[in-house]
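The values are calculated or read from the model by the stated rules, or taken from the named source; none is laboratory data. Fair warning: this is a prediction, and the values are worked out from it, not measured in the lab. Note that we place each Cβ from the backbone using ideal geometry, even for glycine, and neighbour counts take in every protein chain shown.
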Amino acid sequence: MTAVLQPGVLFGLCGAVLVGIGLFAIVTHPALLRRIVGCNILGAGIFLVFGAVARRGAGAGLDADPVPQALVITGIVVAFSASALAVALLKRLSELSVGEGRAAEPAAPRSET
Amino acid sequence: MMVLLDLALAAWLLALALHVVMERNERSAIIAFLALGLLLGLVWVRLAAPDVALTEIAIGGGGTGILLLRAEAALRGRGKHEEGATRGGKLAVAAGCAVISAGLGFAVLALASPAPTLAPAASDAIAATGLGNPVTAVLLAYRALDTLLEKVVVLLALVGIWSLAPDGIWGGAPEVAPAAVPGPLAWLARILPPFGVVIGVYMFWVGADAPGGTFQAGTVLAAMWLLVIMAGLLPPPDAASPALRLVLVGGPALFLAIAFLGFIVADGFLAYPEGFAKPLIVAIEAALTLSVAAALAMLVAGPARKAPAR
Amino acid sequence: MPEFLAAAALVILAVTAVALFRVLRSRVAAERMMAVQLLGTGGAGALLLLGAASGSPATIDVALLLALFAAFACVAFVLDPAEPAGEDSPEEQP
Amino acid sequence: MNGLVDIATMVLVSMGAVLFLAGALGLLRFPDTLSRLHAVSKADNLGLGLIVMGLLPQAESVSGGLKLICVWLLAQISAATASQLLARKIHRDEGRS
């Protein structure tokens, strides 16, 4: 029982539940923006599972295995870039579908080139 | 005591995640998600991963939160809605998600003990670099290829966002500042960046030997730049501006150049010559920090909204 | 001593959690925005205590960043399109 | 000597924790938004200040102590700005209804 309460296990389980919660939001939520948020929750859950594995891989005088931790750092930045791209696509999509009747593009001064 | 603390953190985290998913109001859900990002930082500290905690707080508090809130403000009242699932459908999906969670949880519990680890291998690699922070050593020496490719992915995402601008204003500047800047925000934008820049440089500097490094420093600098732009103190840069593009490409380009140099002066691609590993890594990190800062800020700022100045 | 500091951290976390959910469930929109603020101060306090309890100096850096980004997240308050003079017209983005 | 410093830390940290509790109680019990805002921004920051003061004697180095003070300063700045911005918003919302 006490083994489950180590941070390396407890937060791993927590991450597993976050994956479920995020996935549920991605599949069922009607608002597309919330689905992007769901993706981020799912990602956070996966990172936590990684972190838990890293924590249990302590060795060679280190508190945790640095390789999964470095992967998670890379992953967080990539997940952010992906969200930014998704959000930009979503904004453009809503601009196009709202402005069907009028000019879809922002009313900026057109340059000649 | 620590066990109680961990349990409380775990319960709080899950409750907050459920709240984010269940909340009806879009804006409230995003604010709760912002809080979730900050809370995850605390969890990472408990997982003995201060480097990840720093990244999570910086990206969660400075990047994702602002990005989503800006999107919500722009989409309010006209966001795309798919048709909601029926009650039965939702139950079925919930059951499926629960099965996936249970499977993952089982995998976590079934992990062999002692767990498989690359710590000794990474630890050997650190010795050759002269770095004190194992995570930095992994990012820039042991698994440097991942980091290089990740930089390229960030740039690709930025190219993707920029290319969403209408043809006529390609290469222009994004629109970031609100129509009217309230006084307290202008005050914040004057007083916070000095702190932020010092903290960013500090993060970069200690990154070699203590938790911190390029990503954390880059995100802090990006947030400060965004703050100044949002308060209207500086205009956002044109996407076509050569200076911006130079900063963006500079980091990965230097990284790649040194990587190829490895063929000539060391063992091969991405290998550092004996004795020069640390100065080379610090040089790469400095250029990468600026690139990350510029790229992340531009990712949040979004595609061009104004025609470029000529 | 470490036990005491960890206990104090637990108390602060618990109190902050209760306050956070109270704020998030509020009917007033402005109150919901206090959430980040709450977590900024409460989280930083708990982190400082945890850092002192476990003797890891890096935890202070995390608290530093938490405080910095809690301040930065104030910007969120101005992103509301209803905030500037022109209300109800989110399209006037130019 | 060491014992005295430890006692000072304990007293200050406990006071800080009590202030956090007071802030939360104010948030739960105060009748209107502005006074709730007042409870959160003032009590929590004072609590954080007391904790920082309590931990200062335990800091291992001068730079560690400076960072502690920096955390508090940043929290002050953010509390000041956020309460101003929020109060403006609340004021405007009330004026509208």
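Which condition number in (1) in contact with a helix residue (DSSP H, G or I) (Cβ under 6 Å, 6 or more places away or on another chain); (2) over 22 Å from B:Val220 (Cα atoms); (3) of a type outside the set (Ser, Thr, Tyr); (4) more than 7 Å from every other protein chain (Cβ to nearest Cβ) is the one that B:Gly160 fails?
Answer for B:Gly160: the failing condition is (4).
Taking the stretch B:20-51 as the region of interest, how many residues are under 17 Å from C:Leu68 (Cβ atoms) and touching a residue at least 40 places away in the same chain (Cβ under 8 Å)?
Qualifying residue count, the stretch B:20-51: 2.
Counting only residues that are aliphatic (A, V, I, L, M) and surrounded by 24 or more Cβ atoms within 10 Å (Cβ to Cβ), how many does the stretch D:39-54 have?
Within the stretch D:39-54, residues that are aliphatic (A, V, I, L, M) and surrounded by 24 or more Cβ atoms within 10 Å (Cβ to Cβ) number 4.
Scan the stretch D:34-50 for residues that are under 25 Å from C:Leu64 (Cβ atoms), out of contact with any Phe, Trp or Tyr (no Cβ under 9 Å at 6 or more places or on another chain) and of a type in the set (Gly, Ala, Ser) and jot them down.
Within the stretch D:34-50, D:Ser41 is the sole residue that qualifies.
Looking only at the stretch B:74-88, decide whether some residue is on the phi < 0 side of the Ramachandran plot, assigned to a helix (DSSP H, G or I) and more than 7 Å from every other protein chain (Cβ to nearest Cβ).
Among the residues of the stretch B:74-88, at least one is on the phi < 0 side of the Ramachandran plot, assigned to a helix (DSSP H, G or I) and more than 7 Å from every other protein chain (Cβ to nearest Cβ), which makes the answer yes.
Which pairs turn up if I take residues in the stretch A:50-71 that are under 15 Å from B:Pro114 (Cα atoms) and of a type in the set (S, T, N, Q) and look for partners that are in a helix (DSSP H, G or I) and modelled with pLDDT under 90 with beta carbon separation below 6 Å, at least 6 apart in sequence or on another chain?
Once the first residue is under 15 Å from B:Pro114 (Cα atoms) and of a type in the set (S, T, N, Q) and sits in the stretch A:50-71, no partner that is in a helix (DSSP H, G or I) and modelled with pLDDT under 90 comes close enough.
Just to check your reading of the model, which residue among B:Gly262, B:Gly302 is on the phi > 0 side of the Ramachandran plot and either in contact with a Leu (Cβ under 7 Å, 6 or more places away or on another chain) or surrounded by 16 or more Cβ atoms within 10 Å (Cβ to Cβ) (or both)?
Step by step, each of B:Gly262, B:Gly302 is checked, and only B:Gly302 is on the phi > 0 side of the Ramachandran plot and either in contact with a Leu (Cβ under 7 Å, 6 or more places away or on another chain) or surrounded by 16 or more Cβ atoms within 10 Å (Cβ to Cβ) (or both).
What tally of residues in the stretch B:163-188 results from selecting those that are farther than 30 Å from C:Ala71 by Cα, surrounded by 21 or more Cβ atoms within 10 Å (Cβ to Cβ) and either more than 8 Å from every other protein chain (Cβ to nearest Cβ) or modelled with pLDDT of 90 or more (or both)?
Final tally of qualifying residues: 1.
Could we say that B:Gly218 is in contact (Cβ under 8 Å) with a residue 40 or more places away in the chain, surrounded by 17 or more Cβ atoms within 10 Å (Cβ to Cβ) and within 29 Å of D:Ala82 (Cα to Cα) here?
Here the answer is yes, as B:Gly218 does meet what is asked.
Go through the residues of the stretch D:55-68 one by one and say whether even a single one is touching a residue at least 40 places away in the same chain (Cβ under 8 Å), buried (at least 23 other Cβ atoms within 10 Å of the Cβ) and within 11 Å of the chain's Cα centre (by Cα).
No; the residues of the stretch D:55-68 include none that is touching a residue at least 40 places away in the same chain (Cβ under 8 Å), buried (at least 23 other Cβ atoms within 10 Å of the Cβ) and within 11 Å of the chain's Cα centre (by Cα).
Suppose we filter the stretch B:130-149 for residues that are buried (at least 21 other Cβ atoms within 10 Å of the Cβ), part of a helix (DSSP H, G or I) and not hydrophobic (A, V, I, L, M, F, W, C); how many remain?
The number of residues fulfilling the criteria is 4.
Specify which of the listed residues (D:Ala87, D:Ala80) is surrounded by fewer than 19 Cβ atoms within 10 Å (Cβ to Cβ), under 21 Å from B:Pro193 (Cβ atoms) and free of Cβ contacts under 8 Å to residues at least 60 places away in the same chain.
D:Ala80
Among B:Ala240, B:Ala307, which is touching a Ser or Thr at 6+ places or on another chain (Cβ under 8 Å) and assigned to a loop (DSSP other than H, G, I, E, B)?
B:Ala307
Residues are listed down the side, and each one gets a yes or a no for (1) at pLDDT below 85; (2) surrounded by 20 or more Cβ atoms within 10 Å (Cβ to Cβ); (3) touching a strand residue (DSSP E or B) at 6+ places or on another chain (Cβ under 8 Å); (4) not aliphatic (A, V, I, L, M):
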site	(1), (2), (3), (4)
B:Pro211	yes, yes, no, yes
B:Ala223	no, yes, no, no
B:Leu233	no, no, no, no
B:Pro242	no, no, no, yes
B:Ile258	no, yes, no, no
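Out of C:Leu64, C:Leu39, C:Leu5, which single residue is of a type outside the set (D, E, K, R), in contact (Cβ under 8 Å) with a residue 24 or more places away in the chain, surrounded by 21 or more Cβ atoms within 10 Å (Cβ to Cβ) and at the interface with chain D (Cβ under 8 Å from one of its Cβ atoms)?
Going through C:Leu64, C:Leu39, C:Leu5 in turn, just one is of a type outside the set (D, E, K, R), in contact (Cβ under 8 Å) with a residue 24 or more places away in the chain, surrounded by 21 or more Cβ atoms within 10 Å (Cβ to Cβ) and at the interface with chain D (Cβ under 8 Å from one of its Cβ atoms): C:Leu5.
Go through the stretch B:253-275 residue by residue and tally those that are closer than 20 Å to B:Val153 by Cα and part of a loop (DSSP other than H, G, I, E, B).
2
Looking only at the stretch B:189-196, decide whether some residue is at pLDDT 80 or above, surrounded by fewer than 18 Cβ atoms within 10 Å (Cβ to Cβ) and aromatic (Phe, Trp, Tyr).
No.
How many of the residues in the stretch D:1-38 are surrounded by 21 or more Cβ atoms within 10 Å (Cβ to Cβ) and among the basic types (Lys, Arg)?
Count: 1.
Can you name the residue in the stretch B:106-120 that is surrounded by 15 or more Cβ atoms within 10 Å (Cβ to Cβ) and either under 22 Å from A:Ala79 (Cβ atoms) or of a type in the set (A, V, I, L, M, F, W, C) (or both) and is also modelled with the highest pLDDT among such residues?
B:Val108
Looking at the stretch B:1-54, which of its residues are of a type in the set (Asp, Glu), at the interface with another protein chain (Cβ under 7 Å from one of its Cβ atoms) and either closer than 20 Å to A:Leu13 by Cα or surrounded by fewer than 24 Cβ atoms within 10 Å (Cβ to Cβ) (or both)?
B:Asp6, B:Glu26
Which numbered condition in (1) more than 9 Å from every other protein chain (Cβ to nearest Cβ); (2) over 18 Å from the mean Cα position of the chain (by Cα) is the only one that B:Leu221 fails?
So the condition that B:Leu221 fails would be (2).
What is the number of the single condition among (1) within 29 Å of B:Pro211 (Cα to Cα); (2) in a helix (DSSP H, G or I) that B:Pro116 does not meet?
(2)
Is there a residue in the stretch B:83-90 that is among the acidic types (Asp, Glu) and either in contact (Cβ under 8 Å) with a residue 12 or more places away in the chain or in contact with a His (Cβ under 9 Å, 6 or more places away or on another chain) (or both)?
No; the residues of the stretch B:83-90 include none that is among the acidic types (Asp, Glu) and either in contact (Cβ under 8 Å) with a residue 12 or more places away in the chain or in contact with a His (Cβ under 9 Å, 6 or more places away or on another chain) (or both).
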